[in-house]
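Let me begin by presenting the structure, written as C-alpha cells, before commenting on it.
The values are calculated or read from the model by the stated rules, or taken from the named source; none is laboratory data. Keep in mind it's a predicted model, so treat the numbers as computed, not measured. Positions of Cβ are generated from backbone atoms using ideal geometry, with glycine treated the same way; all protein chains shown enter the neighbour counts. Areas reflect the complete protein model, heavy atoms only, side chains present, ligands, DNA and RNA absent. Shrake-Rupley method; radii C 1.70, N 1.55, O 1.52, S 1.80 Å.
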Amino acid sequence: MSTITLISGSTMGSAEYVAEHMAEILENDGFSTKVLHGPSLDDLPLEGLWLVVTSTHGAGDLPENLQPLADTITQQQPDLSNVTFGAVGIGSSEYDTFCGAIRSLERLLEDLGAKRIGDRLEIDIIQHEIPEDPSEEWVKEWSKLL
C-alpha cells in the first residue's frame, strides 16, 4: 500500500492538528502516512496520494507556510497527473471567502493534472469548535475510496 502524504497549511495550528489526527486514523487502518507542515515542492512526491489540509487566511488566502508551495507550483507547472488527492479546508462561514484557500489550491492541483478522490471537506469552525471531529468521520469514508 502506498504512503499517503498529508500536507498542511496553517496559521494558528488547526490544520496541523487535523492532519496529524487524520494520519493517526489512517495508520490505525493500515495505511502508511507522512505528515508535512508547509512543505516545499522538493519535499513532495510527484506521484501517489496526497491529502491536503489547509485553513483559510485573510481574504481567502493560503496560510503563510503553504503559500510558497503554491507559488512554486504555479511557477514550475509540474506534471501532477500521477497524483491523486483529498482536500480538507478549515474556515469560518462568517466570511465570504469561506474555505477559499482549499478551493484555490484544489483548482491549481487539478489544472496540473492531479485528480481529487471523493468530495472536498469544508469544516466550519462556527459549527465545529474542534475541527478534528468532522475530519475523523470524513477521513474514514475517504479512505474507503482508495
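Cross-link partners of Lys144 among aspartates and glutamates, defined as those whose alpha carbon lies under 15 angstrom from its own and excluding same-chain residues fewer than eight positions apart: Glu27, Asp29, Asp119, Glu136. Remark on segment 99-146: hydrodynamic radius 12.1 angstrom, per the Kirkwood mean of 1/r across alpha carbon pairs.
Rounded to the nearest 20 debye, the dipole size of the chain about its Cα centre is 440 debye, using +1 on the Cβ of Lys and Arg and -1 on the Cβ of Asp and Glu. Coupling constants for segment 114-124 follow from the phi torsions by the Karplus curve (6.51 cos²θ - 1.76 cosθ + 1.60, θ = phi - 60°), and in residue order they are 5, 10, 6, 9, x, 7, 6, 9, 10, 9, 9 Hz; glycine and proline get x. Mean silhouette area of segment 1-54, derived from the convex hull of its C-alpha atoms and averaged over all directions, reads 3.4 nm². For the chain, the share of accessible area belonging to carbon and sulfur comes to 45 percent (1.4 Å probe, ligands and nucleic acids excluded).
In the context of the full set of protein chains, segment 37-107 has a per residue accessible area of 45 Å² (1.4 Å probe).
Taking a quarter of the surface of the Cα convex hull of segment 17-88 gives a mean projected area of 5.2 nm². Express in % the proportion of alpha carbon pairs of segment 33-146 at distances exceeding 26 Å. It works out to 15 percent of all Cα pairs. Considering only Ile117, Pro68, Ile102, the residue lying farthest towards the positive end of the dipole of segment 27-146 is Ile117, judged by Cα position with unit charges set on Cβ. A cut-off of 5 Å between modelled amide H atoms, ignoring neighbours fewer than 5 places along the same chain, links Asp61 with no other residue.
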